[in-house]
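Taking it in order: structure first as structure tokens, then the write-up.
The values are calculated or read from the model by the stated rules, or taken from the named source; none is laboratory data. Fair warning: this is a prediction, and the values are worked out from it, not measured in the lab. Neighbour counts are summed over all protein chains in view; Cβ atoms, including those assigned to glycine, are modelled from backbone coordinates with ideal geometry. Side chains included, ligands, DNA and RNA excluded: accessible areas come from the protein's heavy atoms. Shrake-Rupley method; radii C 1.70, N 1.55, O 1.52, S 1.80 Å.
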Amino acid sequence: MSTLQAIRGMNDILPQDNPLWHHVEAIIRDTVTQYGYAEIRCPIVESTDLFVRSVGASTDIVEKEMYTFQDRNGDGLTLRPEGTAGCVRAAIEHGLLYNQTQRLWYMGQMFRHERPQRGRYRQFYQFGIEAFGWEGPDIDAEIIALSAQIWRRLGIAEHVKLEINSLGSFEVRARYRDIVHAYFAQYENDLDEDSTRRLKTNPLRILDSKNPALQNLIQEAPSLLDALDVPSKKYFDALRGYLDALSITYVINPRLVRGLDYYCHMVFEWVTDKLGAQSAVCSGGRYDGLVEQLGGSSTPAVGFGFGIDRVVNLLEAIEAHPEQERVPHVYFMAMGEAAHKQAMVLAENARASLPGLRLIMQCGETSFKTQMKKADKSGAYYALILGEDELAERVVTVKPLRENNPQQTISFDQLIAFLQECIK
Ligand code: HAM
């Protein structure tokens, strides 16, 4: 029988790796709370139509990356490839956008059938925020500032760089699309297969091609910034004013067009040179038309998604060692059935009285020597020992594991008070 393995591009996150994930997730939670964002949890599966109508029928995601299937009723469903569409669907469905603004965030698995490599997975984790009801650009600056705050707290601010661009209004973008189409159409014979297809379906995406053979052509392409109309330029300048005031450094990348169709005006990406080809750790922008497009009333919106896998990869790449998950305070060992039962009772009472206490109870019968080794390996500060003698005297032996202090005995009655001191 063949061995069962995880699906290619879908990773197990093992116990030794989780402290780093928890560290990133804790910083995310603290930061969004500080800025007043509220969590929304949407289903992992949505109707296929939702993504076709929002992300765009001619995008890479919809054309070739979605995990799409029919369920037993014959309904067309898709594992979410991103979080914005579901968030907008839920906000409309539950009336969250009716005469009110919303600051929302989410975290969870997304699925794209891309070619797996470091930093690019078929199941990956995104943290995202979406702000509804503000025309900006102050809120645009706020979400960028929020992301910058997270980099600082993670200690990676110097390893990421902010790129921004403006796609202008939808009219500007449509006009620019024609300009880009006309430009690349002159060089149709020089385009690769992907770009030839894009020329017909989504010419702006050619600007995003990584093919070295096309870079000269792309560099010479008409710039989006030159195609902006006056209101779009004013908007972009106002956003830059906020970023300058907040001392957030950025570069303008006129080739930044993003791979999803719903954007207008400001788009941005935080990129790093530490992760090879998968350089984008966080990407987002404004999508003022999407709520209406999905059946809601016209609502301005802006947001971003960041790849938690990539941020964890980046922390590993720079060998950051944030405070790891804290080790247990005590490891409780017991010899003999009666002592073990009593130890379980003491442990349970101590946990109930002291919620901050991290106590590991030895389970399964094994020798004193083996238990001692396990206590040491757990990283605990103290071993609590309950043998037959201790049981008879109703005391516990306390052995410091990290310092050279002598061991002592503590009566059952005094144990909680002693452990309370340990936690301090
Ligand atoms: P996106 O650029 O497709 O945008 O993805 C956002 C981030 O998710 C990327 O910058 C990257 O860090 C991470 N990511 C994407 N694909 C993968 C993958 N295959 N493996 C690992 N990480 C990946 C969106 O998804 C938009 N919904 C963002 C947004 C929210 N715009 C407005 N609101």
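Quick notes
- Output for segment 95-118, where each listed residue is more than 8 Å from the ligand (Cβ to nearest atom) and assigned to a strand (DSSP E or B): Q102, R103, L104, W105, Y106, M107, G108, Q109, F111, Q117
- Screening segment 188-208 for residues that are in contact (Cβ under 8 Å) with a residue 24 or more places away in the chain and exposed (fewer than 15 other Cβ atoms within 10 Å of the Cβ) and picking the one that is farthest from I61 (Cα to Cα) gives D190.
- Verdict on L77 being more than 15 Å from the ligand (Cβ to nearest atom) and either in contact with a helix residue (DSSP H, G or I) (Cβ under 6 Å, 6 or more places away or on another chain) or open to solvent by less than 60 Å² (accessible area, probe 1.4 Å) (or both): yes
The rows are residues; the columns are (1) under 19 Å from I44 (Cβ atoms); (2) aromatic (F, W, Y).
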site	(1), (2)
N73	yes, no
N99	no, no
W105	yes, yes
A131	no, no
I144	no, no
R152	no, no
V160	no, no
I164	no, no
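- Flag if P19 is in a helix (DSSP H, G or I), over 29 Å from S297 (Cβ atoms) and either among the aromatic types (F, W, Y) or out of contact with any Leu (no Cβ under 6 Å at 6 or more places or on another chain) (or both): yes
- Residue within segment 220-236 that is crowded, with 19+ Cβ neighbours inside 10 Å and within 16 Å of the ligand (Cβ to nearest atom) present: no
- First in segment 412-424 and among the aromatic types (F, W, Y), second anywhere and open to solvent by 60 Å² or more (accessible area, probe 1.4 Å), Cβ under 8 Å, 6 or more apart: F412/R394
- Residue within segment 82-94 that is touching a Leu at 6+ places or on another chain (Cβ under 8 Å), among the acidic types (D, E), under 25 Å from I308 (Cβ atoms) and assigned to a loop (DSSP other than H, G, I, E, B) present: yes
- The residue that is surrounded by the fewest Cβ atoms within 10 Å (Cβ to Cβ), counting only those in segment 378-411 that are closer than 9 Å to Y331 by Cβ and either free of Cβ contacts under 8 Å to residues at least 24 places away in the same chain or among the hydrophobic types (A, V, I, L, M, F, W, C) (or both), is L401.
- Residues of segment 119-153 that turn out to be within 14 Å of the ligand (Cβ to nearest atom) and either of a type in the set (V, I, T) or surrounded by 19 or more Cβ atoms within 10 Å (Cβ to Cβ) (or both), as a count: 22
- The single condition among (1) part of a helix (DSSP H, G or I); (2) closer than 19 Å to V267 by Cα that F184 does not meet is (2).
- Within the option set V257, V302, being in contact with a Lys or Arg (Cβ under 8 Å, 6 or more places away or on another chain) and part of a strand (DSSP E or B) holds for one residue only, V302.
- Taken together, T31, T3, T84 contain a single residue that is more than 15 Å from the ligand (Cβ to nearest atom) and closer than 19 Å to I143 by Cβ, which is T31.
- Residue identified as open to solvent by less than 20 Å² (accessible area, probe 1.4 Å), closer than 24 Å to D229 by Cβ, at pLDDT 95 or above and within 11 Å of the ligand (Cβ to nearest atom) among L290, L260: L290
- Residues in segment 297-328 that are under 24 Å from I27 (Cβ atoms) and touching a strand residue (DSSP E or B) at 6+ places or on another chain (Cβ under 8 Å): V302, G303, F304, G305, F306, G307, I308, D309, R310, V311, L314, P328.
- Hits in segment 310-361 (condition: touching a residue at least 60 places away in the same chain (Cβ under 8 Å), over 24 Å from W151 (Cβ atoms) and part of a loop (DSSP other than H, G, I, E, B)): H329, L354, G356, L357
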